[in-house]
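For reference, the structure is listed below as structure tokens.
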Amino acid sequence: MNEKLMKYIDILPEIQEALNEGKPVVALESTIISHGMEYPQNVECARRCEEIIREEGAVPATIAIIQGRIKVGLSYDELEYFGTEKGIRKVSRRDLAMVVANGKDGATTVAGTMIISEMVGISIFATGGVGGVHRKAQETFDISADLEELSKTSVAVVCAGVKSILDIGLTLEVLETKGVPVIGYGTDDFPAFYTRSSGFGVDERMDDPETVATFLSAKWNLGINGGVIVANPIPVAAEMDEAYIAAEIEKALVKSENDGIKGKDVTPYLLKHLFGATEGKSLASNLELVYNNARIGAKIAKAFSK
Ligand code: PSU
Ligand code: MN
């Protein structure tokens, strides 16, 4: 990290050492903690992800902004604070410098977390789902800044695909336009978050961490900058019934429209509504797929560090 960055970023010594020595590190985001789940499941989820990454022999780096300081790695108390505090700003590319300059708290989205990961030299990042093209984006122009970030920031994002609160087909079209490779991890089908298949294909299937690591090295050594989506389907045992979740998503979409929800509030609103409507079933699935991504993220980070 250069001196200019050090002025703004606090990185835990364990993470800095691992990066200096070329050991595997996996980034984790914080919007999932503050806007994606309720307390205490959010904090439990964050802790369990870190634990899984350690069990696999990599170092976790949860990324967030606390009182204007960019944190790479959170202490026990910081995570607790982050999980309970209300009104934390959701931080994508446009928000990042404002939150830092104003000394505020910020929860980094996929885009925000990718930016900070690249700043400190972390190449692999595990999360639940990435943002994408919202349904009716033809009218609303609501396309997640995550897609733009994936086009230019060199971090691999291990996720369970995108959920069908989004238009999955259009999301994949935009990813193609922006030159973002979409890898199916052990699958030919692009996963739909709560279910293993969306009916859309991936660019290429890769079945083990080494193959993904070799591909990432080739891409970035060639100077082809930008992110990669490693789409890792939810474990079979945690998968939801497709018709059931599709119907609940339709209802949630109608409700968000009736309530006039717009912009960055749309994704958190839909998630929260779904958790309630499915009596926690979608939350249970969500947790399992995030853990699965943390595990595969750590395996890929290990292979990539070799
Ligand atoms: N999808 C989820 N859970 C989440 C998010 C997406 O299943 O918590 C979060 C991620 O942080 C993602 C962000 O980067 O929502 C996308 O928000 P928007 O659609 O406003 O770009
Ligand atoms: Mn949006």
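The values are calculated or read from the model by the stated rules, or taken from the named source; none is laboratory data. Worth saying up front: this structure is predicted, and the values here are computed from it rather than measured. Every residue, glycine as well, gets a Cβ built from its backbone with ideal geometry; the counts of neighbours run over all protein chains shown. With ligands, DNA and RNA removed, areas are computed over all heavy atoms of the protein, side chains included. Shrake-Rupley method; radii C 1.70, N 1.55, O 1.52, S 1.80 Å.
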- From the list 164, 217, 144, which residue is of a type outside the set (Lys, Arg), crowded, with 23+ Cβ neighbours inside 10 Å and either away from ligand 1 (no atom under 15 Å from the Cβ) or on the phi < 0 side of the Ramachandran plot (or both)? 144
- Query: Taking region 216-239 only, how many residues are over 20 Å from the mean Cα position of the chain (by Cα) and of a type outside the set (Ser, Thr, Tyr)?
  - Reply: 9
- Query: Considering only residues of region 130-141 that are in contact (Cβ under 8 Å) with a residue 40 or more places away in the chain and open to solvent by 50 Å² or more (accessible area, probe 1.4 Å), which is farthest from residue 46 (Cα to Cα)?
  - Reply: 140
- In the set 266, 236, 228, the lone residue that is within 22 Å of residue 299 (Cβ to Cβ) and either open to solvent by 10 Å² or more (accessible area, probe 1.4 Å) or within 13 Å of ligand 1 (Cβ to nearest atom) (or both) is 236
- Message: What are the pairs with Cβ atoms under 7 angstrom where one residue, in region 142-160, is closer than 13 Å to residue 92 by Cβ and more than 16 Å from ligand 2 (Cβ to nearest atom) and the other, located anywhere, is open to solvent by 10 Å² or more (accessible area, probe 1.4 Å) and assigned to a helix (DSSP H, G or I)? Sequence gap at least six, or different chains.
- Response: 153/115; 153/118
- Message: Being polar (S, T, N, Q) and touching a strand residue (DSSP E or B) at 6+ places or on another chain (Cβ under 7 Å) is the filter here; which residues of region 172-188 pass it?
- Response: 187
- The condition from (1) within 25 Å of residue 150 (Cα to Cα); (2) of a type outside the set (D, E, K, R); (3) open to solvent by less than 40 Å² (accessible area, probe 1.4 Å) that residue 274 misses is numbered (1)
- Note on the structure: Restricting region 252-262 to residues that are open to solvent by 50 Å² or more (accessible area, probe 1.4 Å) and within 16 Å of ligand 2 (Cβ to nearest atom), the one nearest to residue 88 (Cα to Cα) turns out to be 262
- Task: Output the residues belonging to region 172-188 that are crowded, with 17+ Cβ neighbours inside 10 Å and either over 20 Å from residue 131 (Cβ atoms) or touching a His at 6+ places or on another chain (Cβ under 9 Å) (or both).
- Result: 187
- Filter region 101-119 for residues that are touching a helix residue (DSSP H, G or I) at 6+ places or on another chain (Cβ under 7 Å) and not in a strand (DSSP E or B); the one that is nearest to residue 22 (Cα to Cα) is 119
- Output the number of residues of region 191-229 satisfying the condition of being free of Cβ contacts under 8 Å to residues at least 60 places away in the same chain and of a type in the set (A, V, I, L, M). 6
- Item | Subset of region 107-129 (residues that are open to solvent by 10 Å² or more (accessible area, probe 1.4 Å) and within 14 Å of ligand 1 (Cβ to nearest atom)) | 109, 115, 129
- Restricting region 230-248 to residues that are in a helix (DSSP H, G or I) and among the β-branched types (Val, Ile, Thr), the one nearest to residue 273 (Cα to Cα) turns out to be 245
- Given the structure, is residue 123 more than 24 Å from residue 256 (Cα to Cα), of a type in the set (Gly, Ala, Ser) and under 15 Å from the mean Cα position of the chain (by Cα)? yes
- Picking from 71, 90, the residue that is touching a residue at least 24 places away in the same chain (Cβ under 8 Å), within 16 Å of ligand 2 (Cβ to nearest atom) and assigned to a strand (DSSP E or B) would be 90
- Message: For region 147-161, give me each residue that is part of a strand (DSSP E or B) and within 12 Å of ligand 1 (Cβ to nearest atom).
- Response: 157, 159, 161
- Query: Where residues in region 88-106 are open to solvent by 60 Å² or more (accessible area, probe 1.4 Å) and within 16 Å of residue 263 (Cβ to Cβ), which of them is farthest from ligand 1 (Cβ to nearest atom)?
  - Reply: 98
